[in-house]
Amino acid sequence: MKTPKGDGESVAPSSAAIPDSPMLSSAESVSVDKIRDLLFGNQMQDYDRRFANMEERFLQRLKDVESEGARNLAAFETGTKKQVDSVASQLREEKDARAEADKEIERNLRETTQSLEKRVRQLSDQLGQLERDFAERVTQESQALRDEMKRRNDDMRTGIERMFAELGSVKTDRNLLAGLFAEVARCLGQDGAKSAGKGNGIDPARAWPSS
(Lines give C-alpha, C1' and ligand atoms only; values in the text may rest on other atoms or scores of the structure.)
Protein backbone atom coordinates (compact mmCIF):
# COMPACT_ATOMS: atom_id res chain seq x y z
CA MET A 1 0.00 0.00 0.00
CA LYS A 2 1.06 3.55 -0.63
CA THR A 3 1.14 6.06 2.24
CA PRO A 4 0.23 9.67 1.83
CA LYS A 5 2.99 12.06 1.07
CA GLY A 6 4.56 13.70 4.06
CA ASP A 7 3.76 10.84 6.40
CA GLY A 8 7.21 9.40 6.07
CA GLU A 9 8.50 6.42 4.23
CA SER A 10 6.60 3.13 3.78
CA VAL A 11 6.73 0.71 6.68
CA ALA A 12 6.99 -2.26 4.30
CA PRO A 13 10.25 -4.07 4.84
CA SER A 14 12.78 -3.98 2.08
CA SER A 15 15.80 -5.94 1.24
CA ALA A 16 17.95 -3.16 2.45
CA ALA A 17 16.41 -3.34 5.93
CA ILE A 18 17.12 -7.06 6.24
CA PRO A 19 20.49 -7.80 7.84
CA ASP A 20 23.09 -9.69 5.91
CA SER A 21 23.04 -12.66 8.31
CA PRO A 22 22.40 -15.95 6.56
CA MET A 23 19.53 -17.00 8.88
CA LEU A 24 16.85 -14.92 10.54
CA SER A 25 16.19 -15.17 14.20
CA SER A 26 12.98 -16.60 15.51
CA ALA A 27 11.66 -13.15 16.40
CA GLU A 28 12.26 -11.92 12.90
CA SER A 29 10.49 -15.02 11.41
CA VAL A 30 7.45 -14.38 13.58
CA SER A 31 7.45 -10.79 12.44
CA VAL A 32 7.52 -11.86 8.80
CA ASP A 33 4.61 -14.28 9.38
CA LYS A 34 2.63 -11.56 11.06
CA ILE A 35 3.33 -9.16 8.23
CA ARG A 36 2.27 -11.81 5.70
CA ASP A 37 -0.90 -12.50 7.68
CA LEU A 38 -1.64 -8.81 7.78
CA LEU A 39 -1.11 -8.42 4.04
CA PHE A 40 -2.60 -11.69 2.65
CA GLY A 41 -4.56 -13.23 5.54
CA ASN A 42 -8.02 -12.12 4.48
CA GLN A 43 -7.37 -13.04 0.87
CA MET A 44 -6.06 -16.49 1.84
CA GLN A 45 -9.04 -17.09 4.08
CA ASP A 46 -11.33 -16.03 1.22
CA TYR A 47 -9.52 -18.46 -1.09
CA ASP A 48 -9.77 -21.22 1.48
CA ARG A 49 -13.48 -20.55 1.90
CA ARG A 50 -14.02 -20.53 -1.86
CA PHE A 51 -12.07 -23.75 -2.29
CA ALA A 52 -14.07 -25.33 0.52
CA ASN A 53 -17.34 -24.20 -1.10
CA MET A 54 -16.22 -25.47 -4.50
CA GLU A 55 -15.19 -28.79 -2.98
CA GLU A 56 -18.51 -29.04 -1.18
CA ARG A 57 -20.44 -28.20 -4.35
CA PHE A 58 -18.35 -30.65 -6.34
CA LEU A 59 -18.94 -33.43 -3.81
CA GLN A 60 -22.67 -32.61 -3.73
CA ARG A 61 -22.81 -32.62 -7.53
CA LEU A 62 -20.94 -35.90 -7.58
CA LYS A 63 -23.42 -37.37 -5.12
CA ASP A 64 -26.32 -36.05 -7.22
CA VAL A 65 -24.81 -37.53 -10.35
CA GLU A 66 -24.27 -40.85 -8.60
CA SER A 67 -27.83 -40.81 -7.26
CA GLU A 68 -29.25 -39.87 -10.66
CA GLY A 69 -27.14 -42.56 -12.33
CA ALA A 70 -28.35 -45.12 -9.81
CA ARG A 71 -31.97 -44.05 -10.36
CA ASN A 72 -31.56 -44.16 -14.14
CA LEU A 73 -29.89 -47.56 -13.93
CA ALA A 74 -32.65 -48.86 -11.66
CA ALA A 75 -35.30 -47.45 -14.01
CA PHE A 76 -33.52 -49.00 -17.00
CA GLU A 77 -33.28 -52.35 -15.26
CA THR A 78 -36.93 -52.17 -14.27
CA GLY A 79 -38.02 -51.22 -17.78
CA THR A 80 -35.83 -53.90 -19.34
CA LYS A 81 -37.17 -56.51 -16.93
CA LYS A 82 -40.74 -55.47 -17.73
CA GLN A 83 -40.06 -55.71 -21.46
CA VAL A 84 -38.37 -59.09 -21.06
CA ASP A 85 -41.27 -60.33 -18.93
CA SER A 86 -43.76 -59.00 -21.50
CA VAL A 87 -41.94 -60.70 -24.39
CA ALA A 88 -41.66 -63.91 -22.38
CA SER A 89 -45.37 -63.75 -21.56
CA GLN A 90 -46.25 -63.19 -25.23
CA LEU A 91 -44.04 -66.12 -26.22
CA ARG A 92 -45.72 -68.34 -23.62
CA GLU A 93 -49.16 -67.26 -24.81
CA GLU A 94 -48.22 -67.89 -28.44
CA LYS A 95 -46.77 -71.27 -27.49
CA ASP A 96 -49.93 -72.19 -25.59
CA ALA A 97 -52.08 -70.96 -28.49
CA ARG A 98 -50.07 -73.03 -30.98
CA ALA A 99 -50.26 -76.05 -28.71
CA GLU A 100 -54.03 -75.63 -28.40
CA ALA A 101 -54.35 -75.18 -32.17
CA ASP A 102 -52.28 -78.33 -32.74
CA LYS A 103 -54.50 -80.22 -30.31
CA GLU A 104 -57.61 -78.94 -32.11
CA ILE A 105 -56.20 -79.97 -35.49
CA GLU A 106 -55.23 -83.37 -34.13
CA ARG A 107 -58.72 -83.81 -32.62
CA ASN A 108 -60.38 -82.81 -35.91
CA LEU A 109 -58.15 -85.21 -37.86
CA ARG A 110 -58.93 -88.01 -35.43
CA GLU A 111 -62.67 -87.35 -35.66
CA THR A 112 -62.48 -87.13 -39.46
CA THR A 113 -60.51 -90.39 -39.61
CA GLN A 114 -62.99 -92.14 -37.34
CA SER A 115 -65.90 -90.83 -39.42
CA LEU A 116 -64.26 -92.02 -42.65
CA GLU A 117 -63.52 -95.42 -41.14
CA LYS A 118 -67.12 -95.71 -39.98
CA ARG A 119 -68.37 -94.71 -43.43
CA VAL A 120 -66.05 -97.23 -45.08
CA ARG A 121 -67.32 -99.97 -42.77
CA GLN A 122 -70.90 -99.02 -43.58
CA LEU A 123 -70.17 -99.06 -47.32
CA SER A 124 -68.36 -102.38 -46.95
CA ASP A 125 -71.35 -103.84 -45.10
CA GLN A 126 -73.74 -102.50 -47.73
CA LEU A 127 -71.57 -103.88 -50.52
CA GLY A 128 -71.42 -107.27 -48.80
CA GLN A 129 -75.19 -107.24 -48.38
CA LEU A 130 -75.66 -106.33 -52.04
CA GLU A 131 -73.30 -109.12 -53.07
CA ARG A 132 -75.21 -111.61 -50.91
CA ASP A 133 -78.56 -110.38 -52.25
CA PHE A 134 -77.28 -110.53 -55.83
CA ALA A 135 -75.86 -114.01 -55.35
CA GLU A 136 -79.12 -115.18 -53.77
CA ARG A 137 -81.14 -113.63 -56.56
CA VAL A 138 -78.91 -115.18 -59.22
CA THR A 139 -79.26 -118.53 -57.49
CA GLN A 140 -83.03 -118.20 -57.36
CA GLU A 141 -83.23 -117.09 -61.00
CA SER A 142 -80.94 -119.93 -62.06
CA GLN A 143 -82.99 -122.45 -60.13
CA ALA A 144 -86.21 -121.07 -61.61
CA LEU A 145 -84.69 -121.21 -65.09
CA ARG A 146 -83.56 -124.81 -64.56
CA ASP A 147 -86.99 -125.77 -63.25
CA GLU A 148 -88.66 -124.09 -66.22
CA MET A 149 -86.35 -125.80 -68.69
CA LYS A 150 -86.93 -129.15 -66.99
CA ARG A 151 -90.67 -128.66 -67.12
CA ARG A 152 -90.51 -127.68 -70.80
CA ASN A 153 -88.33 -130.66 -71.59
CA ASP A 154 -90.71 -132.95 -69.75
CA ASP A 155 -93.67 -131.47 -71.61
CA MET A 156 -91.90 -131.79 -74.94
CA ARG A 157 -90.83 -135.35 -74.19
CA THR A 158 -94.37 -136.21 -73.17
CA GLY A 159 -95.72 -134.67 -76.36
CA ILE A 160 -93.22 -136.49 -78.54
CA GLU A 161 -93.94 -139.78 -76.83
CA ARG A 162 -97.66 -139.24 -77.29
CA MET A 163 -97.20 -138.40 -80.98
CA PHE A 164 -95.06 -141.45 -81.57
CA ALA A 165 -97.65 -143.57 -79.79
CA GLU A 166 -100.32 -142.16 -82.03
CA LEU A 167 -98.09 -142.87 -85.06
CA GLY A 168 -97.73 -146.48 -83.99
CA SER A 169 -101.48 -147.02 -83.69
CA VAL A 170 -102.70 -144.95 -86.62
CA LYS A 171 -101.48 -145.18 -90.16
CA THR A 172 -100.37 -141.72 -91.25
CA ASP A 173 -99.29 -140.31 -94.53
CA ARG A 174 -96.36 -138.13 -95.33
CA ASN A 175 -98.24 -134.87 -94.85
CA LEU A 176 -99.24 -135.76 -91.28
CA LEU A 177 -95.69 -136.80 -90.46
CA ALA A 178 -94.30 -133.53 -91.88
CA GLY A 179 -96.82 -131.59 -89.78
CA LEU A 180 -95.78 -133.47 -86.65
CA PHE A 181 -92.11 -132.75 -87.26
CA ALA A 182 -92.90 -129.09 -87.92
CA GLU A 183 -94.75 -128.92 -84.60
CA VAL A 184 -91.79 -130.51 -82.81
CA ALA A 185 -89.42 -128.01 -84.44
CA ARG A 186 -91.68 -125.13 -83.46
CA CYS A 187 -91.78 -126.31 -79.84
CA LEU A 188 -88.01 -126.65 -79.76
CA GLY A 189 -87.62 -123.14 -81.17
CA GLN A 190 -89.96 -121.67 -78.58
CA ASP A 191 -88.09 -123.40 -75.72
CA GLY A 192 -84.74 -122.08 -76.96
CA ALA A 193 -86.08 -118.55 -77.34
CA LYS A 194 -87.61 -118.57 -73.84
CA SER A 195 -84.36 -119.81 -72.31
CA ALA A 196 -82.38 -117.07 -74.07
CA GLY A 197 -84.95 -114.45 -73.01
CA LYS A 198 -84.67 -115.41 -69.34
CA GLY A 199 -80.89 -115.34 -69.50
CA ASN A 200 -81.01 -111.78 -70.93
CA GLY A 201 -83.68 -110.52 -68.52
CA ILE A 202 -86.47 -110.69 -71.17
CA ASP A 203 -89.87 -111.97 -70.25
CA PRO A 204 -90.27 -115.46 -71.84
CA ALA A 205 -93.90 -114.74 -72.70
CA ARG A 206 -92.75 -111.91 -75.02
CA ALA A 207 -89.92 -113.76 -76.74
CA TRP A 208 -92.23 -115.24 -79.45
CA PRO A 209 -95.60 -114.16 -80.59
CA SER A 210 -98.42 -116.34 -79.42
CA SER A 211 -99.69 -118.82 -82.03
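The values are calculated or read from the model by the stated rules, or taken from the named source; none is laboratory data. Keep in mind the model is a prediction, meaning the values are calculated, not measured. Don't worry about glycine lacking a Cβ; one is built from the backbone with ideal geometry, like all the others, and counts go over all protein chains shown. Please note that ligands, DNA and RNA were not included when accessible areas were found on the heavy atoms of the full protein model with its side chains. Shrake-Rupley method; radii C 1.70, N 1.55, O 1.52, S 1.80 Å.
Sorted largest first by accessible area at a 1.4 angstrom probe radius, with every protein chain in place, the residues I160, I105 fall in the order I105, I160. In region 38-100, the alpha-carbon atoms span a convex hull of 28 Å³ per residue. Once the C-beta distance of E100 and E77 is scaled by a Förster radius of 30 Å, the resulting FRET efficiency is 0.30 to the nearest 0.05. Electrostatic bookkeeping for V84 treats Lys and Arg as +1 and Asp and Glu as -1; over the other residues with beta carbon under 13 Å from its beta carbon, the sum is +1. Modelled this way, with points 7 Å down the Cα-to-C-beta line, the labels at Q129 and F181 are 5.9 nm from one another.
Counting only protein heavy atoms and using a 1.4 Å probe, what share of the accessible area of region 118-162 belongs to carbon plus sulfur, as a whole percent?
Its accessible area is 53 percent carbon and sulfur atoms.
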